[in-house]
1. Give me the one-decimal nm value for the distance between modelled label points at ASP192 and LEU44, 7 Å along each residue's Cα-to-Cβ direction.
2. Exposure proxy check: LYS72, LYS126 ranked by fewest other beta carbons within 10 Å?
3. If you take the beta carbon distance between ASP52 and THR95 as r and set R0 to 22 Å, what does 1/(1 + (r/R0)^6) give as a FRET efficiency, to the nearest 0.05?
4. Take the Cα atoms of the stretch 168-235, find their three principal axes, and give me the spread along each one in whole Å, biggest first.
5. Could you bin all the Cα-Cα distances of the stretch 98-202 into 5 Å bins starting at 0 and give me the percent of pairs in each, rounded to whole numbers?
6. When the gyration tensor of the stretch 62-116 is built from Cα positions, what are the square roots of 5 times its three eigenvalues, in whole Å, from largest to smallest?
7. Under the Karplus relation 6.51 cos²θ - 1.76 cosθ + 1.60, θ = phi - 60°, what is the ordered set of whole-Hz ³J(HN,Hα) values for the stretch 265-275, x standing for Gly and Pro?
8. Return the calculated 222 nm mean residue ellipticity for the chain, to the nearest 500 deg cm²/dmol, obtained by summing -39500 (n - 2.57) across DSSP H runs with n ≥ 4 and dividing by the residue count.
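Read-outs throughout are calculated quantities, based only on the coordinates presented, and are distinct from any laboratory measurement. Model, not experiment: these values are computed from the prediction. Here Cβ is always computed from backbone atoms with ideal geometry, including for glycine, and neighbour counts include all displayed protein chains.
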Amino acid sequence: MILVDLNQVIISNLMVQTRNKADVKPNLEMVRQMVLNSLRGFNLKFKDEYGDMVLCSDSADPWRREIFPLYKHGRRKGRVDSDTDWDNIFDIMATIKKELVDNFPYKVMHVDNAEADDIIATLIKKQEDMIYLIISGDKDFIQLHHYGNVYQFSPILKGFIGEQDDPIAFLHEQIIKGDRSDGVPNVLSKDDIFLEKGVRQRPINKKRMAEFGNIETNMTIDADIKKNYLRNKKLIDLAEIPEHIENRIINSFKNYKVKDRSLLLPYFMKNKMKTLIEQVNDF
């Protein structure tokens with residue numbers, strides 16, 4: 001099964017298209033062409049070996065925010081302060097996702113309160129009898145490589161990633177160091193560290209990392225550090241997805257009705273996508 005981190009693929013490719021090009025403004029036609037070309041490429045390259053493609057997208061209201069309100073807070077603030085018209089980008093993404101749902105022969109998974117990470121991790125954990133390929137450059141997925149039947153391809157790097165990493169050790173280090181891009185501090189820092197201008201996290205070098213060992217069972221570890229570790233573990237470790245979220249994902253997957261392939265050609269014709277009309281069998 002091919003599991004596509006749809007939001008990450010769309011946004012990362014969009015940034016490549018518009019980087020250092022002040023005169024290039026994202027529009028529906030450009031992004032639609034980009035996304036469909038990417039999906040066509042993934043299907044052609046990997047379908048024979050890994051099987052059907054499932055597109056996994058993020059809910060705007062992830063469950064992690066319920067237990068840590070500052071989760072991804074910096075991203076929202078960064079978008080407000082940015083010159084990029086993010087409202088336009090998200091409107092375009094929503095339109096394209098709906099078009100994929102309505103016209104394409106793929107399961108396009110959107111589950112309330114679940115991120116693409118949750119959907120991908122749950123499908124892998126609950127269905128261990130197949131080989132999985134994750135399409136994403138996100139290193140958060142490296143922890144899933146410990147299953148042994150999971151591979152990961154980065155569209156930006158145009159190659160497989162994570163093969164040299166120890167997924168268990170990688171996860172342990174990630175929990176201790178946190179994830180600044182998601183607003184998750186390291187275990188030495190307080191919850192709101194990223195809200196204070198000019199204030200940096202307390203650094204964690206290799207020596208300090210080795211001293212932590214197994215924080216959960218180490219009785220000599222400071223109580224605040226242990227509390228922060230458990231905070232990060234809940235947010236980062238994909239084994240910590242709440243059971244009701246996993247059940248919601250599995251039920252959505254099992255009950256999803258894929259659209260018939262006959263809808264592809266009329267869709268391409270309606271949107272005047274001549275090249276894709278000729279390549280319709282690649283989807």
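1. 5.3 nm
2. Values: LYS72 19, LYS126 12.
Result, fewest neighbours first: LYS126, LYS72.
3. On the way: r = 24 Å, r/R0 = 1.09.
That pair, ASP52 with THR95, gives E of 0.35.
4. 34, 23, 23
5. 2, 10, 16, 17, 19, 14, 11, 6, 3, 1
6. Details: eigenvalues 125, 70, 7 Å².
The equivalent ellipsoid of the stretch 62-116 has semi-axes of 25, 19, 6 Å.
7. Per-residue couplings from phi come out as 4, x, 5, 5, 5, 4, 9, 6, 9, 4, 4 Hz.
8. Numbers: 12 runs with 135 residues, N = 283.
Rounded to the nearest 500, the figure is -14500 deg cm²/dmol.
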